[in-house]
Amino acid sequence: MPESDTKRQTFEAEALPHLDTVYRVALRLAADESRAEDLVQETMLRAYRSWHQYTRGTNARAWLLTILRHTFINQYRKAKRAAVEVDIHQIESYTVFHDVQETDPEGAFFDTIVDDEVLRAIDTLPDGFRETLILSDVEGLAYAEIATITEVPVGTVKSRLFRARQALQRQLYDYAVEMGYIQRREA
């Protein structure tokens, strides 16, 4: 069997099963279907061209998401979009779901209420927070995998995730009350 056929077959067997995950993450990163599709196409093309660098049987999903992240960052830099500044102290100053926070430190609470409103709120997060939250809470990756993909220490992953969840809690408080997920707290 020619080498190109083997490459194609192994790529199809190990990389293509993760295409949906790559698209979901791209959609959340790009916040636009057309840009997400372009990102996925570029990611898969780069992955195929670099397939010889992939070690068969290892974590193809993490490898593809790393390529996706680098592709997104490169496109982001080329577009020269202005960076969004976030006042971390403002985000850290309070969290509104006090009754949920102590019983749900890992954010499983959001697993039950992820809908369009929540996804819109996620899309408004700054890139680093959004990326970490998507990889953790939407895609279910472990801290270590996220650290590898985003090229930051595990402690930074945890910090970004904590801050992203706090920002979402603040943004979604009225929505959560309206939907009956929590009761409005007394002032």
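Brief remarks on what is shown
- So VAL152, is it outside any helix (DSSP H, G or I) and surrounded by fewer than 16 Cβ atoms within 10 Å (Cβ to Cβ): yes
- Residues (open to solvent by 80 Å² or more (accessible area, probe 1.4 Å), touching a helix residue (DSSP H, G or I) at 6+ places or on another chain (Cβ under 7 Å) and either part of a loop (DSSP other than H, G, I, E, B) or touching a residue at least 60 places away in the same chain (Cβ under 8 Å) (or both)) located in region 25-62: ARG56
- Every residue from region 1-26 that is modelled with pLDDT of 90 or more and among the aliphatic types (A, V, I, L, M): ALA13, ALA15, LEU16, LEU19, VAL22, VAL25, ALA26
- Where ILE146 falls short, out of the listed (1) modelled with pLDDT under 90; (2) open to solvent by less than 10 Å² (accessible area, probe 1.4 Å); (3) within 12 Å of the chain's Cα centre (by Cα); (4) farther than 16 Å from ALA30 by Cα: (1)
Every residue, every condition in (1) more than 20 Å from ALA62 (Cβ to Cβ); (2) out of contact with any Leu (no Cβ under 7 Å at 6 or more places or on another chain), yes or no:
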| position | (1), (2) |
| --- | --- |
| LEU16 | no, yes |
| ALA26 | no, no |
| ALA31 | yes, yes |
| GLU42 | no, yes |
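- ASP174 being under 11 Å from the mean Cα position of the chain (by Cα) and open to solvent by 30 Å² or more (accessible area, probe 1.4 Å): no
- One residue stands out among those in region 155-182 that are assigned to a helix (DSSP H, G or I) and among the small types (Gly, Ala, Ser): the one that is modelled with the lowest pLDDT, which is ALA176.
The values are calculated or read from the model by the stated rules, or taken from the named source; none is laboratory data. These figures come from a predicted structure and were not determined experimentally. Quick reminder, even Gly has a Cβ in these numbers, built from the backbone with ideal geometry, and neighbours come from all protein chains shown. These accessible areas exclude ligands, DNA and RNA; they are computed on the full protein's heavy atoms, side chains included. Shrake-Rupley method; radii C 1.70, N 1.55, O 1.52, S 1.80 Å.
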